[in-house]
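Here's the structure we're looking at; comments come further down.
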Amino acid sequence: MTVVLLALDALDAGLVDHFDATAFELESSQRIETFAYAKDTPYTPEVWTTVATGLGPEGHGITGSGTSDWSNPILELGSRFTGRLDESTRGTLGRFVRDKTGEREQIGETNAETIFDRDGAVVHNWPGVYDGSYLQQAWDLMNAVAEGKPRHEFERELLGLGAQQFSWAREMLNHDVALAGVHVHTLDAAGHAYADDEEALRHIYGRVGGFVDELVDSLGPDDELLLLSDHGMRTSFYGEPDENGSPSSHSWRAYASSTTNTVPSDVFDIVDWIDEQVEHQIVEREQIDIDEEQLRDLGYV
């Protein structure tokens, strides 16, 4: 049995309904609670590290300047003063610095224990935990389309990156893996790029929904899938009466859906939910040998 933890960044609970994107509605699904710490709305590296550790940013350390690290101390100091800027502005500034200095920021990684430190767990592209280079690629694409990159090239590269990450998750089902976690930034990058284009964003939801369908079809009878988001995305064509903020900024409509009859209600609850799902796998791996005489003494035979 494998539990797949699919981190679909910016999968918006409201847009799932608005687009009638039923591929994301598994056996159990609901809007869930998320949080903001260094910014006014949820921020990707902070929330996904909380999902993996069960700790807030003050506990896992991925916040403020901890969300990215520069090898140059002057650039690292400067990054502390840009920490509250939106992702697009930070990305433009980061690209300018890279072009001028050749330096590249690295996504910070927590020293706290995570759900992926257990036996039988594997992880791919998880902000704040493991290898942020794929997240950087998605951020670069988001900034490039804002600066004039043709949309067909943007979608080809963004969906190609997402397809690779879904393919990794499907492959893990063929191995002795108890927990497989992967982060996919496709919907976030598309949400920023297409916040004013309903049909373009609907198309991306449909393509990612197709990836989810393929993954669900690959699950074995004892495998489970939990997909969740860290936040949603504000758009010009969908919103709630009390919603504030401009299109392409993060919304509070985080979402979770699972193939089980339960779903977490808060991003802080993911560790406990995963513990419940994989607990029996740990027992199986202990391979306790009890001979027939012991079973008889215990009254089982």
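What are the residues in the range 9-45 that are touching a Ser or Thr at 6+ places or on another chain (Cβ under 6 Å), closer than 13 Å to ARG253 by Cβ and part of a strand (DSSP E or B), if any?
SER29, ILE32
May I ask you to list the residues in the range 176-225 that are of a type in the set (Asp, Glu) and part of a helix (DSSP H, G or I)?
If the condition is that a residue be of a type in the set (Asp, Glu) and part of a helix (DSSP H, G or I), then ASP188, GLU198, GLU199, ASP213, GLU214, ASP217 are the ones that fit.
Filter the range 183-241 down to residues that are among the acidic types (Asp, Glu) and touching an Asp or Glu at 6+ places or on another chain (Cβ under 8 Å) and give me whichever is surrounded by the most Cβ atoms within 10 Å (Cβ to Cβ).
The selected residue is ASP230.
Is one or more of the residues making up the range 13-35 within 18 Å of GLU198 (Cα to Cα), aliphatic (A, V, I, L, M) and surrounded by 24 or more Cβ atoms within 10 Å (Cβ to Cβ)?
Yes, the range 13-35 has at least one match.
Of the residues that make up the range 158-171, is at least one under 21 Å from LEU227 (Cβ atoms), touching a residue at least 24 places away in the same chain (Cβ under 8 Å) and part of a strand (DSSP E or B)?
no
Determine which member of the set VAL182, VAL177 is in contact with a strand residue (DSSP E or B) (Cβ under 6 Å, 6 or more places away or on another chain), in contact (Cβ under 8 Å) with a residue 60 or more places away in the chain and closer than 21 Å to GLY108 by Cβ.
After applying the criteria, what remains is VAL182.
Would you pick out the residues in the range 231-281 that are under 17 Å from ASP188 (Cα atoms), out of contact with any Ser or Thr (no Cβ under 6 Å at 6 or more places or on another chain) and not aliphatic (A, V, I, L, M)?
Passing the criteria: THR235, SER236, PHE237, TYR238, GLY239, GLY245, SER246, SER248, SER249, SER251, TRP252, ARG253.
Hey, could you check the range 105-133 for residues that are in a strand (DSSP E or B) and modelled with pLDDT of 95 or more and say which is nearest to PRO57 (Cα to Cα)?
TRP126
The values are calculated or read from the model by the stated rules, or taken from the named source; none is laboratory data. Small disclaimer: the values here were computed from a predicted structure and weren't measured. Here the Cβ is made from the backbone with ideal geometry for all residues, glycine too, and neighbour counts use every protein chain on show.
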